[in-house]
Amino acid sequence: MGRQVHITEVVLRDANQSQIATRMPRSDFEDILETMDQAGYYSMEVWGGATFDSCLRYLDEDPWDRLRFIRSKVKNTKLQMLLRGQNILGYKHYSDDTVRAFVRKSVENGIDIIRIFDALNDPQNMATAIDECLKAGGHAQGSICYTVSPIHTFESYVELGKKLEKMGCNSICIKDMAGIMSPQVCYDLVSALKKEVNLPVYVHSHSTTGLGPMTLVKAVEAGADGIDTAISIFSGGTSHPATESLVYTLNEMGFDTGVNLKVCQKINDHFKPVQERFLKEGGLNPSVLTTKIDALNYQIPGGMLSNLISQLTSVNQLDKLDEVLLETPKVRKDMGYPPLVTPMSQMVGAQAVTNVLLGERYKSVSKEVKAYLLGEYGKAPGEVSEELMKIALGDQKPYEGRYDDLIEPEIPGAKAYLGDLAESEEDVLSYVAFPQQAEAFLKKRREKKALKVSYTIQEVE
Ligand code: CO
């Protein structure tokens, strides 16, 4: 038997998020969970990322309930979630008490592995979540967001890997959210990390630019311990390399994935009609299924490019796209080369659009960029332009030390506000993370329950 390679099936989280905007309701997968548990996956990524927001906002589902349900059906396979460090699952920094409670409750409700990342690769932004995950008995997987810039060298990634090891992480993940990591770069990076860091290395990539499947094969050749894949019907394009193709390939190369392709067939058969329905009803845009090499040419993720196009289209100025594409790397450089992942991709993109539309660089600076420059998102990876600092902040000085220490605890206030609308600590956390969506959801839930009670009374009469 060859070397073991772990397979993480991501259909319920990242494939769901990348292809159908996280709109898959529980009814689409509840009947296949027990089969998925038999497939031999090392883990299943099922929660976190945008799933939480989407459950509350669009699906009228309690995200915590979804997790408990999955756990009740998946008894052998590890369950995994994605967490944006100090941002938990939202778009701003939360207080330490929120981060700790959220992480603890995630583990209590059934999560085994928490993949923790930060948009700036700032270890300080991952520290609280990692610490609490370990305390709660979870597996803390620290992430390195892969991006291309003059300051993101192999040395910087290895240094981050070493820091994550020191912080107690159980494994590390190279997170190539844009699918721009080439097979050779991946081979070299995994080799460097395996040499310098004494932790299992997992590789996460996307098929967006077409490099994904090759990149994952090279990752394994370089010694990666595991890779992320999606069941074939939900693979490809903005999603991930296909589980079955990778398992087939790795088996042939003599690696042991432990995944049973016959079971994969059943899983794929289950998801086929789901995919067809999304395709037919418009929830799945066929354009996300094709290979797009723009991200390689412009070095910006596909999702960000489509955002720029839609922003320019909405103001009838799509002819300015080329200018915006030239402006984007300049803004990114001025901001110290943040990786282009949420929320930084939106921040950099919107500022580039503003600069071009106003015909003058930084005539108007968004409040998000100002907050970033003040240090509310952590430490910029590289040097921030002094000129930008002066224009945006004037005499205001960036925070010294850790901004998160200044955030007041959020849970007590939320508890008091919700009163008996919150039936559990989980409800309170939903509200802290997404106040509007959670409050609407909790009110609706109460109405439904009231309705149920009155029906019961009628029946008794
Ligand atoms: Co991803």
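The values are calculated or read from the model by the stated rules, or taken from the named source; none is laboratory data. Worth saying up front: this structure is predicted, and the values here are computed from it rather than measured. All Cβ positions, glycine included, derive from the backbone under ideal geometry; neighbour counts span all protein chains shown. Only protein heavy atoms, including side chains, enter the accessible area calculation; ligands, DNA and RNA are left aside. Shrake-Rupley method; radii C 1.70, N 1.55, O 1.52, S 1.80 Å.
Computed values, structure above
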| item | result |
| --- | --- |
| Residue match in the stretch 168-181 (condition: in a helix (DSSP H, G or I), surrounded by fewer than 23 Cβ atoms within 10 Å (Cβ to Cβ), out of contact with any Asp or Glu (no Cβ under 9 Å at 6 or more places or on another chain) and at negative phi) | no |
| Close pairs (8 angstrom Cβ cut-off, 6 or more residues apart or separate chains): on the phi > 0 side of the Ramachandran plot and without any contact (Cβ under 8 Å) to a residue 12 or more places away in the chain in the stretch 188-210, away from the ligand (no atom under 16 Å from the Cβ) and not in a loop (DSSP other than H, G, I, E, B) anywhere | none |
| The stretch 189-211 - residue that is among the aliphatic types (A, V, I, L, M) and within 15 Å of the ligand (Cβ to nearest atom) and, of those, surrounded by the fewest Cβ atoms within 10 Å (Cβ to Cβ) | Leu211 |
| Residue, surrounded by the most Cβ atoms within 10 Å (Cβ to Cβ), within the stretch 212-242, restricted to residues that are away from the ligand (no atom under 15 Å from the Cβ) and of a type in the set (Val, Ile, Thr) | Ile231 |
| Selection count where residues are more than 15 Å from the ligand (Cβ to nearest atom), farther than 17 Å from Asn76 by Cβ and buried (at least 24 other Cβ atoms within 10 Å of the Cβ), scope the stretch 41-55 | 2 |
| Qualifying residue in the stretch 66-77 (condition: modelled with pLDDT of 95 or more, within 16 Å of the ligand (Cβ to nearest atom) and not assigned by TED's automatic domain parsing to the domain that holds Ala433) | no |
| Residue under evaluation Pro381, criteria (1) open to solvent by 40 Å² or more (accessible area, probe 1.4 Å); (2) within 30 Å of Ala15 (Cα to Cα); (3) touching a helix residue (DSSP H, G or I) at 6+ places or on another chain (Cβ under 7 Å); (4) not in a helix (DSSP H, G or I), criterion not met | (3) |
| First in the stretch 82-99 and surrounded by 24 or more Cβ atoms within 10 Å (Cβ to Cβ), second anywhere and basic (Lys, Arg), Cβ under 8 Å, 6 or more apart | Leu82/Arg13; Leu82/Arg115; Leu83/Arg115 |
| Search result, residues across the stretch 47-81 that are without any contact (Cβ under 8 Å) to a residue 40 or more places away in the chain and closer than 23 Å to Ser143 by Cα | Ala50, Thr51, Leu79 |
